[in-house]
Amino acid sequence: MLNRLALEMTAEEFKHSILVFKQKLYRLGLRLLNDEEEAADVVQDVFVKLWNMREQLIQYRSVEALAMTMTRNVCLDRLKTPHRMVRLGHQSDLQQEASNPELAYELGETTAIIADSIRLLPQQQQLVMHLRDVEHFEFEEIASITGMNLNHIRVNLSRARKAVRERLVKHHNYAYQGN
Amino acid sequence: MHIREIERLLEKFYNGETSLQEEAMLREWFASAEIPSHLASLKAQFAPDLEKSKAELPDEAFDEAFFQLIDQHEKTHKAYSLRKMIYAGLGLAASLAIMLSIYLEFKPRTIEDTFNDPALAYEEVQRAMLFVSSKLNKGMEPVKQGTASFNAGMEKASDFNKMSLIKNYFKIE
């Protein structure tokens, strides 16, 4: 009975200190997998793993960075499995959706362009840009999540930001000429 | 903020060298200030929630589903360990039964002395002997009867001896 009580308290603590990362993990999953259902599945998967190691979590300096690292690893594993080939069709659907003018209007045209151009970046650039410009992680945290060194991170980030800028400027000029 | 300062920060930004604070400053500037036309195209890149609000997990529903899943995991784990314990118990019982039967089959058969008191042992032996002798006497009765009729038969058979007397008689003759 006492044991059960202690367990419930840990569940409550887990909910307030660990499950609160869910949106961040989900956005990272979505970024890497381009599939809402699978991203949600990955997040649950990561939380189950964290739950099973809940006694050791105190050893980690940042459980958030750990959770992000695990999410990244699970996503990359899933990208490697053969059944992903089937799901790639789903991904291109999503890309088309993003380029769909109606949806673009809803999201705000330029936001859609950004989403689109990020999606076209190489995976490492996408990952670094997502962690920095969407989630605002410190470079040290990005290093621990991605396993890249600081210099490599800066180079990737710079390339990604410039690529997005290029798309935006092109679109702006096109819109300007169109008027 | 001076436009020169913004341009300097932008250059740092595109080289991947700005700090988080500097990036926050840029976002703030693009959100509030009158933006000169040559920088207007960049505004979207400094939107405060770059693609963030697009998709979200349902907060409470997710937590509930998660703890249900955990409960389920732990229940199946418990059921599994209970089953394992039952199997272990059955295995233990079976191996004990086998060992016991092997022991009973092959144990050395020694005749054990059941009496500690010599007097008592003597009495017991005597009792056993008496029992045997009484049975023996009883068993001797039919034997006696048998020998009696045998002797009777033998007496009659002794008449044959008379034949030799006759034979002797004729020899003498």
Positions within region A:30-57 being more than 10 Å from chain B (Cβ to nearest Cβ), touching a helix residue (DSSP H, G or I) at 6+ places or on another chain (Cβ under 8 Å) and over 22 Å from B:ASP71 (Cβ atoms), in sequence order:
A:LEU32, A:LEU33, A:ASN34, A:ASP35, A:GLU38
Checking A:TYR60 against (1) without any contact (Cβ under 8 Å) to a residue 24 or more places away in the chain; (2) within 13 Å of chain B (Cβ to nearest Cβ); (3) more than 20 Å from B:ASP59 (Cβ to Cβ), which single condition isn't satisfied?
(2)
Among B:SER53, B:SER101, B:SER32, the single one that is within 14 Å of chain A (Cβ to nearest Cβ) and either over 23 Å from the mean Cα position of the chain (by Cα) or modelled with pLDDT of 90 or more (or both) is B:SER53
Okay, helices (runs of 4 or more DSSP H) sitting entirely in region A:1-110 with 1 or more residues that are at pLDDT below 50, I get A:2-17, A:84-99, A:101-107
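Results for (1) assigned by TED's automatic domain parsing to the domain that holds A:LEU33; (2) without any contact (Cβ under 8 Å) to a residue 24 or more places away in the chain; (3) touching a helix residue (DSSP H, G or I) at 6+ places or on another chain (Cβ under 8 Å), shown as yes or no for each residue.
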residue	(1), (2), (3)
A:ARG132	no, no, yes
A:HIS136	no, yes, yes
A:GLU141	no, no, yes
A:THR146	no, no, yes
A:VAL155	no, yes, no
A:ALA160	no, no, yes
A:VAL164	no, no, yes
A:ARG167	no, no, yes
A:LYS170	no, yes, no
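Does B:ALA47 fit the bill of being facing chain A (nearest Cβ under 9 Å) and modelled with pLDDT under 85?
Details: facing chain A (nearest Cβ under 9 Å): yes; modelled with pLDDT under 85: yes.
Against the criterion (facing chain A (nearest Cβ under 9 Å) and modelled with pLDDT under 85), B:ALA47 qualifies.
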Taking region A:132-179, which residues are within 23 Å of A:ASP116 (Cα to Cα) and acidic (Asp, Glu)?
A:ASP133, A:GLU135, A:GLU166
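The values are calculated or read from the model by the stated rules, or taken from the named source; none is laboratory data. Remember, predicted model here, so these are calculated numbers, not experimental data. Reconstructed Cβ throughout: ideal geometry from the backbone, glycine too, with neighbour counts over all protein chains shown.
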